[in-house]
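Below you'll find the structure, written out as structure tokens, and then a few comments.
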Amino acid sequence: MNTNHCRWGILGAAFIARKNWQAIRDAGNATLVAVASRDLLRAQTFIDECQSSAPHAVVPEAMDDYNALLARRDIDAVYIPLPTGLRKEWVIRAAEAGKHVLAEKPVGVHAADVAEMIAACEKHRVQFMDGVMFMHGRRLQKLRDAVDLDVGPVRHIATQFSFMSDDEFQRSNIRAHGKLEPLGCLGDLGWYCLRFTLWAMNYATPLQVTGRIHSETQQTDDTPPVPLEFSGALTFADGASASFYCSFTTTNAQWAIVSGGKGLLQVSDFVLPFHGSETKYSLTRSDFMLDRCQASMHEGRKVEVIDEPSSNAPGSQESNLFRTFSELVLSEKLDAHWPRISLLTQRVLDACLASAQDGGRTVKLDF
């Protein structure tokens, strides 16, 4: 490759792409060449609005044809934030065009689609990765040592990712549309909970899972309902367990707790770090003391602080995502870890949904 920058294109002008517009700019080894939408005016409006907020040195080109963008020889990689129901086709087309693929999550409607996407990327020797940003934060690197050394053998992981939507969201937002985003809150929010859980367990496959749909919505008579509120539980071979809750109808929350034989790790903002120049997590080793008639519980909580900005700033998890991906493209070396964990996450998610759709029965995983 005759450049020190990975040259990017974006397929689709989704809201999440606005964040990644800036992340590409701030990655340090990436350049955004073009943005395509099915409507040229929408693509140009997206570019104009983003350029006014986070300007690129060279203004990316607006295009109204996804295939034309994929055919460009001055683009190495594409970011695909298209709806989940449409994503498989364009991931495969991108791979066939020789473009490396960063796809939004959930990666597919079901695991069979994800396996097909990954197979296409492998066949055409292009990198595949999903867009889970917290995987690329400095904090997660610190958390690995904290879980392994300070928490000790993991016994339970609990996570919640939720936000309170309104009636208009349920009527018109694509995340509540049964054909565009058929996994609803489980795909949009539960994916993060499951990924964090699998990460904490060093990507061990659960033995079995259960799931429950607590509420759902259906936008039109000709679209299937999607989960608005979902909970699930996982059991692992070593006896560890996990629980998660995701919801479009509950107040903003994005916390994770890992409990082990030595201590308790807590992260209050594991998906999207709270605004500021630092990220944090806490370790707790509480002591119970009994002195005759007096019983006391001592908190033993220590807050760890990492020099790490939020909100798309240079050095944030968002810019690190694109820096990491661009490094792989520029090195011309593929990393099989990233597609492997995407497929694992999708398979576990599928099993949770299958359980919920069958009255919460236990689903065993044998892949």
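The lone criterion from (1) in contact with a Ser or Thr (Cβ under 8 Å, 6 or more places away or on another chain); (2) among the charged types (D, E, K, R); (3) part of a loop (DSSP other than H, G, I, E, B) left unmet by ARG125 is number (1). Could we say that ARG87 is at pLDDT 95 or above and not hydrophobic (A, V, I, L, M, F, W, C) here? Yes: the conditions hold for ARG87. Checking the stated criteria, ALA295 turns out to be outside any helix (DSSP H, G or I), among the small types (Gly, Ala, Ser) and not assigned by TED's automatic domain parsing to the domain that holds LYS99. Looking at (1) surrounded by fewer than 21 Cβ atoms within 10 Å (Cβ to Cβ); (2) at pLDDT 95 or above; (3) in contact with a strand residue (DSSP E or B) (Cβ under 6 Å, 6 or more places away or on another chain), find the lone condition where ILE157 falls short. Of (1) surrounded by fewer than 21 Cβ atoms within 10 Å (Cβ to Cβ); (2) at pLDDT 95 or above; (3) in contact with a strand residue (DSSP E or B) (Cβ under 6 Å, 6 or more places away or on another chain), only one is false for ILE157: (1). Where strands (runs of 3 or more DSSP E) fall wholly inside the stretch 181-272, the ranges with 2 or more residues that are out of contact with any Lys or Arg (no Cβ under 8 Å at 6 or more places or on another chain) and within 25 Å of LEU365 (Cα to Cα) are 208-217, 226-235, 241-247, 249-260.
Yes/no matrix, rows are residues, columns are (1) under 30 Å from VAL114 (Cα atoms); (2) not polar (S, T, N, Q):
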position	(1), (2)
LEU264	no, yes
GLY276	no, yes
ARG323	yes, yes
LEU343	yes, yes
ALA351	yes, yes
GLN357	yes, no
ARG361	yes, yes
PHE367	yes, yes
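Selection of the stretch 353-367 for residues being part of a loop (DSSP other than H, G, I, E, B) and farther than 15 Å from SER215 by Cβ yields ASP358, GLY359, ARG361, THR362, LEU365, ASP366, PHE367. Exactly one residue out of SER231, SER286 is surrounded by fewer than 17 Cβ atoms within 10 Å (Cβ to Cβ) and of a type in the set (Gly, Ala, Ser), and it is SER286.
Out of all the residues in the stretch 273-292, which are in a strand (DSSP E or B) and more than 17 Å from LEU143 (Cα to Cα)? Give the derivation first.
Going through the stretch 273-292, the residues in a strand (DSSP E or B) turn out to be 278-284, 287-291.
Answer for the stretch 273-292, where residues must be in a strand (DSSP E or B) and more than 17 Å from LEU143 (Cα to Cα): ASP287, PHE288, MET289, LEU290, ASP291.
Restricting the stretch 258-269 to residues that are under 15 Å from GLU304 (Cα atoms), out of contact with any helix residue (DSSP H, G or I) (no Cβ under 6 Å at 6 or more places or on another chain) and not polar (S, T, N, Q), the residue that is surrounded by the most Cβ atoms within 10 Å (Cβ to Cβ) is VAL267. Only a single criterion out of (1) surrounded by 24 or more Cβ atoms within 10 Å (Cβ to Cβ); (2) touching a Pro at 6+ places or on another chain (Cβ under 8 Å) is not satisfied by GLY9, namely (2). Scan the stretch 309-316 and tell me whether some residue there is more than 14 Å from MET135 (Cα to Cα) and modelled with pLDDT of 95 or more. Scanning the stretch 309-316, I find at least one residue that is more than 14 Å from MET135 (Cα to Cα) and modelled with pLDDT of 95 or more, so the answer is yes. Within the stretch 320-343, residues that are more than 17 Å from GLN141 (Cβ to Cβ) sit with their Cβ atoms under 9 Å from residues that are acidic (Asp, Glu) and crowded, with 22+ Cβ neighbours inside 10 Å, at 6+ positions apart or across chains, in these pairs: SER326/ASP76; VAL329/ASP76; LEU330/ASP76; PRO339/ASP130; SER342/ASP130. When THR284 is tested against (1) among the β-branched types (Val, Ile, Thr); (2) free of Cβ contacts under 8 Å to residues at least 24 places away in the same chain; (3) touching a Phe, Trp or Tyr at 6+ places or on another chain (Cβ under 9 Å), exactly one condition is not met: (3).
The values are calculated or read from the model by the stated rules, or taken from the named source; none is laboratory data. Keep in mind that what you see is a predicted model, and the values were worked out from it rather than measured. Ideal geometry is used to build each Cβ from the backbone, glycine not excepted, and the neighbour counts take in all protein chains shown.
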